[in-house]
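Notes follow the structure.
The values are calculated or read from the model by the stated rules, or taken from the named source; none is laboratory data. This structure is a prediction, so every number in the text was calculated from the model and none was measured. Positions of Cβ are backbone-derived with ideal geometry, glycine not excepted, and every protein chain shown enters the neighbour counts. The area values use the complete protein model at the heavy-atom level, side chains included, leaving out ligands, DNA and RNA. Shrake-Rupley method; radii C 1.70, N 1.55, O 1.52, S 1.80 Å.
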Amino acid sequence: MATLLQHHPYRAPQGFASPQLPSYRASTVLFDSVAQMRERRWRDKSGYTYGLHGTPASFALERRLADIEGARHAVLCPSGLSAIALVDLALLRQGDEVLIPCNAYAPGRDLAQNMLAAWGISTRIYDPLDPTSVRERIGPDTRLMWLEAPGSVTMEMPDLRALVALAREAGVLTAIDNTWSAGLALQPFDLGIDVSMQALTKYQSGGADVLMGAVLVRDDALHDALLDAHMRLGLGVGGDDVALMLRGLASMPLRYAAHDASARRIAEWLQARPEVRQVLHPALPGSPGHEHWRRDFRGAAGLFSLYFQPEFEPARVDAFVDALQLFGIGYSWGGPMSLAVPYDLRHARAVVSPAVGSAAAAVAAEARYLVRLNIGLECAEDLIADLEQALHAALGPRTGVA
């Protein structure tokens, strides 16, 4: 019986079809013969060799992601940060330099300034809102320029076209963190960007319950370099996670549009509140880089930030977040629940190297503390009511603000 259970001859009939692909849980892939095992190749996705190198479902997910962004190739990673690491480790060598914007995702910057630095790869921080100063920072060893649109936490929208033109002029590769747009609002390859990276943890999943990342390219040589690094690092994703991601992907355009609509409604409401100094939402006029968003983007995510008036010290801003009832307090975003997180920009932002006085690098002392909101799929009017009661509870009584 034990042997029969391992080698049962029954095989289900072919021809079954359903809207969702099955989940393939596999480390071992079986072959019909030794010759087939030795002849099969995984790099071109024409066959299967080992679970780490792909299953029918992971290949399908990669193809769908590539089609969304107009890429030729996609490579899956266990998280967004691992996708950033894959790009760095595939494209950079000892003696190279990487440029990172001062408002980039902090863990990616930390990876570069610590681990890459230990391997002889230097990092230079630049101001994404000052393209003319970027030209001065591109040196003979610069190999890669990271872009982020919009900037993490502070939401500035850079002039991507100008930055890409500078990089191309110097022969420098460009890679963008395109998570905010989910590939729906921005087509990075149409702007000449070489590599797109996304944290699929966000809108592709949609359920706040799956960690995954992806790196997308059009260039075959870049894809080969990414595959080599991917194999050597042993980066893989679980079959159940792939199935969940495929399920979430089907509804992503509808969810993204709903997040966008609610976020704009709430951002406009907050912009009119006396307690709020500035709302940082790329689709709102007056937000840094709004004109670049209007030119290059077809939509906006449900994520934005706000500064309170300088009279409200950080402890009272924290009290506002604590007073919220429908907003969870937690990291990540893109899921169905609304979230709120306060940030001290002295820790979230990097100093431009060498330092310059600029709009993106210099944050006024009274505006160093902000709150980032992820607008989920709740009713927008309910969220507004929750924000209003929290503003009154934490910021109103002591100031006379209604």
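Worth pointing out:
- Restricted to region 211-235, and to residues there that are assigned to a loop (DSSP other than H, G, I, E, B) and farther than 13 Å from HIS73 by Cβ, the residue that is least open to solvent (accessible area, probe 1.4 Å) is MET212.
- Some residue of region 132-141 being open to solvent by less than 20 Å² (accessible area, probe 1.4 Å) and under 18 Å from the mean Cα position of the chain (by Cα): no
- Members of region 137-163 that are of a type outside the set (S, T, N, Q), assigned to a loop (DSSP other than H, G, I, E, B) and in contact (Cβ under 8 Å) with a residue 12 or more places away in the chain: ILE138, GLY139, ASP141, ALA149, PRO150, GLY151, VAL153, MET155, GLU156, MET157, PRO158, ASP159
- Residues that are touching a helix residue (DSSP H, G or I) at 6+ places or on another chain (Cβ under 9 Å), part of a loop (DSSP other than H, G, I, E, B) and within 22 Å of ARG161 (Cβ to Cβ) within region 106-136 comprise ASP127, PRO128, listed in sequence order.
- Cross-chain or 6+ apart pairs with Cβ under 6 Å, region 222-245 first and closer than 17 Å to THR49 by Cα, then charged (D, E, K, R): LEU227/ARG43; GLY239/ARG25
- Within region 192-216, residues that are among the polar types (S, T, N, Q) have Cβ atoms under 7 Å from residues that are in a strand (DSSP E or B) in these pairs: SER196/ILE176; SER196/LEU216; GLN198/GLY213; GLN198/ALA214, counting only partners at least 6 apart in sequence or on another chain.
- Of all the criteria given as (1) open to solvent by less than 40 Å² (accessible area, probe 1.4 Å); (2) in contact (Cβ under 8 Å) with a residue 12 or more places away in the chain; (3) assigned to a loop (DSSP other than H, G, I, E, B); (4) not charged (D, E, K, R), the one not satisfied by GLN20 is (1).
- Residues of region 66-79 satisfying the condition of being open to solvent by less than 10 Å² (accessible area, probe 1.4 Å) and assigned to a helix (DSSP H, G or I): ALA66, GLU69
- Filtering region 34-56 for residues that are among the hydrophobic types (A, V, I, L, M, F, W, C), open to solvent by less than 10 Å² (accessible area, probe 1.4 Å) and either in contact (Cβ under 8 Å) with a residue 40 or more places away in the chain or in a helix (DSSP H, G or I) (or both) leaves an empty set.
- In the set SER305, SER353, only one residue is at pLDDT below 95, more than 19 Å from ALA208 (Cβ to Cβ) and among the polar types (S, T, N, Q); that residue is SER353.
- ALA182 vs. criteria closer than 26 Å to LEU160 by Cβ and without any contact (Cβ under 8 Å) to a residue 40 or more places away in the chain: no
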